[in-house]
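Single-structure report; data block below.
The values are calculated or read from the model by the stated rules, or taken from the named source; none is laboratory data. None of these values were measured; they are calculated from a predicted model. No Cβ is skipped: glycine too gets one built from the backbone with ideal geometry, and neighbour counts run over all protein chains shown.
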Amino acid sequence: MLFFGIGKHQLLALQQHVREHGFTPRIHGNRGRKPKHANCYDDVMHVVHFIRNYADERGLPQPADPRGVDNVPTVYLTSDTTKTNLRQKYQTSCTEAGSRVI
């Protein structure tokens, strides 16, 4: 058997797995668990709500009819609104409201 592109530690780990379990696929240790960096649904909806409110206040609607399945009109933000600028406004809004910043 010939192996390329793996280090000594990985080769030894594979050999140990074959000795203990035979030729079965290796399973990651975090399988079935929620990642620790995952966001809860309420936090995600809070961000979406903030972006929609910001777009309603400062956005420019697309002049053409909406296309696609959802029939939601496209809203363009002004060119001076950057992702960094919008994130800073979101952070200040969350700190003033006392909610969690993602």
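For the reader, a short list of remarks on this structure follows.
- Within the stretch 67-85, the set of residues being at pLDDT 85 or above and small (Gly, Ala, Ser) comprises 79 only.
- Within the stretch 48-71, considering residues that are part of a loop (DSSP other than H, G, I, E, B) and surrounded by fewer than 10 Cβ atoms within 10 Å (Cβ to Cβ), the one nearest to the chain's Cα centre (by Cα): 70
- Check on residue 18, in a loop (DSSP other than H, G, I, E, B) and of a type outside the set (Gly, Ala, Ser): no
- Of the residues screened, residue 90 is one that is outside any loop (DSSP other than H, G, I, E, B), at pLDDT 90 or above and closer than 23 Å to residue 37 by Cβ.
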